[in-house]
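Each remark here refers to the structure printed beneath this line.
The values are calculated or read from the model by the stated rules, or taken from the named source; none is laboratory data. Bear in mind that the values here come from a model prediction, so they are computed numbers and not experimental data. In this analysis, Cβ positions are derived from the backbone assuming ideal geometry, glycine residues included, and neighbour counts consider all displayed protein chains.
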Amino acid sequence: ARIAVMASGRGSNLEALLKAFPHDNPLGHIVLVISDKREALALQKAVEAQVEAEYVPWPKSRDQGVAYKTGREQFERVAGQLLHEHRIDLILLAGFMRLLSPAFVQAWQGRILNIHPSLLPQFPGLNAQRQALEAGVSESGCTVHFVDAGMDTGPIILQRRVPVLPGDTEETLAARILEQEHLAYPEAVRRVLQGRV
Ligand code: GRF
């Protein structure tokens, strides 16, 4: 399978995925990385791994609602072209901080995955680790799921759990969860590619 990753930031999940799905993995390999942020470390990591790295802007203007839609249309048009050219089978969102349109998600139904740093359906959206601390839960973790038109909704593929410890800050909890993300995402992708989901 030919895999694309979309990432907006640091790209540590991308790194774990690049390790698990290099060019000689017969199950699947990453051939394309797309970012909506020119400065994303994820793009550098792709270049280092000799994988095609593309910055695709998500332009914004002042008028919020309309601008979001216009920016998204432009992003999806360009990204869609790249995905097509590279004959992509599977899209992995890895710290991609944008919501794709219902039409885009529909067109790729069952072929887009996302990772989220909580045990969904708990704490969707931004700052999931902070939400977990504020809720006072004793356990959190990460979730890999298929993407549907909602935010951090869609069928769950797998979860990994971690304890929330006394004295945890957002940073310590995030780090504990992130370690599990790096195991969970490759495992979930393997399951999907092997048809075990
Ligand atoms: C991860 O915590 C991921 O679950 C969330 O954004 C973060 C991305 O980190 N969606 P990285 O860019 O993969 O290091």
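Here are some notes:
- Pairing each residue of region 1-25 that is within 9 Å of the ligand (Cβ to nearest atom) and basic (Lys, Arg) with any residue that is part of a helix (DSSP H, G or I) and modelled with pLDDT of 95 or more, provided the two are 6+ apart or on different chains, yields C-beta distances under 6 Å for 10/41.
- Residue within region 186-196 that is away from the ligand (no atom under 15 Å from the Cβ), surrounded by fewer than 21 Cβ atoms within 10 Å (Cβ to Cβ), more than 29 Å from residue 89 (Cα to Cα) and free of Cβ contacts under 8 Å to residues at least 12 places away in the same chain present: no
- Evaluation of residue 103 against (1) outside any helix (DSSP H, G or I); (2) away from the ligand (no atom under 14 Å from the Cβ); (3) of a type outside the set (Val, Ile, Thr) (one fails), failing number: (1)
- Within region 123-138, the set of residues being in contact with an Asp or Glu (Cβ under 6 Å, 6 or more places away or on another chain) and assigned to a loop (DSSP other than H, G, I, E, B) comprises just one member, 124.
- Any hit, region 112-122, residues being part of a helix (DSSP H, G or I), touching a residue at least 12 places away in the same chain (Cβ under 8 Å) and more than 14 Å from the ligand (Cβ to nearest atom): no
- Candidates 150, 141, 167 - the one that is crowded, with 21+ Cβ neighbours inside 10 Å, outside any helix (DSSP H, G or I) and either out of contact with any Cys (no Cβ under 6 Å at 6 or more places or on another chain) or of a type in the set (A, V, I, L, M) (or both): 141
- Pairing each residue of region 129-147 that is under 24 Å from residue 113 (Cβ atoms) with any residue that is within 12 Å of the ligand (Cβ to nearest atom) and at pLDDT below 95, provided the two are 6+ apart or on different chains, yields C-beta distances under 9 Å for 143/152; 145/152.
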